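The values are calculated or read from the model by the stated rules, or taken from the named source; none is laboratory data. No experiment lies behind these values; they were computed from the predicted model shown. All Cβ positions, glycine included, derive from the backbone under ideal geometry; neighbour counts span all protein chains shown.
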Amino acid sequence: MSDTVLARLDGGVLKLTLNRPDKLNSFNEEMHLALRAQLERAHEDAGVRAVLLSGAGRGFCAGQDLGDRDPRKGGPRPDLGHTIGTYYNPALRLLRALQKPVICAVNGVAAGAGANIALACDIVLAAKSAKFVQAFSKIGLIPDAGGSWNLARILGEPRAKALTMTAEPLPAETAAAWGLIWKAVDDEALLAEATALAEGLAAGPTFGLGLTKRLIQEAASNDLDTHLDRERDCQREAGFSEDYAEGVTAFFEKRRPEFKGR
Ligand code: T3D
């Protein structure tokens, strides 16, 4: 098993740590495969009720490892579409499709695809010292890993275009003020706060949380009529869940519910 992504299942939370700190946790093929394997595990393992993603060392992730892209080493020009199609896009799709909350603790700089993987997570907390850098334009590339979609949708064209074209680092507190992430927290509090959040969600009604995630993601592409029907259907599903029965029972018994995620 690769140590490029450290994985530990703890209290229903699958804690994933990108672990190539000497390269600011940038992605080589081994790390791509390791992350994919863990995201697939998160889908399949009912014991995983939430995922917490973070990075080892001073950075979160610097995107693709450019060491593999150095033209001075010779050889044909790499087909970057292959990397995107084989690794980044499947990872993004797995993150979005996972019917469980994914929390990202951005512990330091997040650049290139590293920034956009973080921003694709469901709830993003960042250390106040962290920065998000759409580094692509510095090397002649376009924002990938869902960045051009996510930034345009959340920030609107003016900020999305400026951020991606200038590659100006966006401080965590500005990212929070712009609604790009959930919050910026003191560096020393980041992991504890993100872990508490992930553990709280993992102990929650994760069946309903999964449906909630799906609905929020569908909202942008549904019209209101379609979406109202989707809410009806999802509420019907939630209403048949054990978690709903437990939630209402616990309410009347004035105790904390014990949700099972089903
Ligand atoms: O297949 C494909 O290639 C297509 C996919 C594309 C997806 C992408 O993500 S493209 C974008 C790739 N990423 C970047 O362009 C970011 C490059 N890195 C930076 O701009 C800066 O390093 C940061 C803004 C992330 C951080 O700056 P700073 O000043 O805090 O750190 P630093 O000194 O630049 O970097 C520290 C070390 O990490 C340094 O190594 P050294 O000199 O100490 O031995 C640096 O070379 C290394 N490093 C940082 N980013 C990468 C990297 N090594 C390999 N690949 C990197 N992406």
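Just one residue in the set Glu168, Glu231 is in a helix (DSSP H, G or I) and on the phi < 0 side of the Ramachandran plot; that residue is Glu231.
This table checks each residue for (1) out of contact with any Leu (no Cβ under 6 Å at 6 or more places or on another chain); (2) not hydroxyl-bearing (Ser, Thr, Tyr).
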site	(1), (2)
Ser2	yes, no
Gly11	yes, yes
Asn28	yes, yes
Val51	no, yes
Gly55	no, yes
Ala62	no, yes
Arg72	yes, yes
Gly85	yes, yes
Tyr88	yes, no
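Scan the range 170-196 residue by residue and report those that are touching a Phe, Trp or Tyr at 6+ places or on another chain (Cβ under 9 Å) and crowded, with 20+ Cβ neighbours inside 10 Å. Residues satisfying the conditions are Leu170, Ala172, Ala175, Leu180, Ile181. Residues of the range 42-79 that are within 8 Å of the ligand (Cβ to nearest atom), touching a residue at least 24 places away in the same chain (Cβ under 8 Å) and assigned to a loop (DSSP other than H, G, I, E, B): Arg58, Ala62, Gly63, Asp65.
Counting only residues that are in contact with a helix residue (DSSP H, G or I) (Cβ under 7 Å, 6 or more places away or on another chain), farther than 27 Å from Gly11 by Cβ and small (Gly, Ala, Ser), which one in the range 219-262 is modelled with the highest pLDDT?
If we take residues in the range 219-262 being in contact with a helix residue (DSSP H, G or I) (Cβ under 7 Å, 6 or more places away or on another chain), farther than 27 Å from Gly11 by Cβ and small (Gly, Ala, Ser), then Ala219 is modelled with the highest pLDDT.
Quick one: in the range 137-163, which of the residues that are of a type outside the set (Asp, Glu) and touching a residue at least 40 places away in the same chain (Cβ under 8 Å) is surrounded by the most Cβ atoms within 10 Å (Cβ to Cβ)? Filtering first and then ranking leaves Ala145.
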